[in-house]
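The values are calculated or read from the model by the stated rules, or taken from the named source; none is laboratory data. Not measured: the values here are computed from a predicted model. Don't worry about glycine lacking a Cβ; one is built from the backbone with ideal geometry, like all the others, and counts go over all protein chains shown.
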């Protein structure tokens, strides 16, 4: 019987971090139809999908302040946040740094509010460099086109809230 030599395997340590982001479903109503602002992402893979304005909560910021700042940075708009609607999404993803080879597992929490805009605000939009373009679409179309299930649910819940508060 042969003896096996013990091999030491180098294990890559995976670092874990918690991140919190805040954002909003930006919308307006026209002829009792809800239209949302869709931002088309720039991605490293070239894949495109739409998202809503959102980003990291900075130290000392409240969730509402972060949502307002992210809307301003990503669209140029200064909008009021409707805190009566609040929905949290959580997910986990892994990010690899090609320069260091370090792997990080990110536990992400995103809090969404609503932000009502007036139709005239559409002319004021200036999107950030992190997006390719923006457009407005009916909320039902957005629900159908949403890439992620939690995004679909967010938009469904937002629709119910908007109908109850803004269209009654």
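Determine which member of the set 55, 60 is free of Cβ contacts under 8 Å to residues at least 40 places away in the same chain and buried (at least 17 other Cβ atoms within 10 Å of the Cβ).
Answer to the check: 55.
For the list (1) in contact with a strand residue (DSSP E or B) (Cβ under 6 Å, 6 or more places away or on another chain); (2) surrounded by 14 or more Cβ atoms within 10 Å (Cβ to Cβ), I need the number of the one condition that residue 88 fails.
With (1) in contact with a strand residue (DSSP E or B) (Cβ under 6 Å, 6 or more places away or on another chain); (2) surrounded by 14 or more Cβ atoms within 10 Å (Cβ to Cβ) applied to residue 88, the lone miss is (2).
Is region 109-120 home to any residue that is out of contact with any helix residue (DSSP H, G or I) (no Cβ under 8 Å at 6 or more places or on another chain), free of Cβ contacts under 8 Å to residues at least 40 places away in the same chain and closer than 25 Å to residue 165 by Cβ?
For region 109-120, residues out of contact with any helix residue (DSSP H, G or I) (no Cβ under 8 Å at 6 or more places or on another chain), free of Cβ contacts under 8 Å to residues at least 40 places away in the same chain and closer than 25 Å to residue 165 by Cβ: present.
Restricting to region 107-119, and then to whatever is surrounded by fewer than 17 Cβ atoms within 10 Å (Cβ to Cβ) and under 21 Å from residue 73 (Cβ atoms), can you tell me which residue is farthest from the chain's Cα centre (by Cα)?
Within region 107-119, the match that is farthest from the chain's Cα centre (by Cα) is 118.
Determine whether residue 127 is part of a loop (DSSP other than H, G, I, E, B) and surrounded by 14 or more Cβ atoms within 10 Å (Cβ to Cβ).
Yes, satisfied.
Just one of (1) part of a helix (DSSP H, G or I); (2) in contact (Cβ under 8 Å) with a residue 12 or more places away in the chain; (3) surrounded by 14 or more Cβ atoms within 10 Å (Cβ to Cβ) trips up residue 140, so point out which.
Residue 140 satisfies all of (1) part of a helix (DSSP H, G or I); (2) in contact (Cβ under 8 Å) with a residue 12 or more places away in the chain; (3) surrounded by 14 or more Cβ atoms within 10 Å (Cβ to Cβ) except (3).
Considering region 143-165 alone, what residues qualify as being in contact with a strand residue (DSSP E or B) (Cβ under 9 Å, 6 or more places away or on another chain) and at pLDDT 95 or above?
Passing the criteria: 153, 154, 155, 157, 158, 159, 161, 162, 163, 165.
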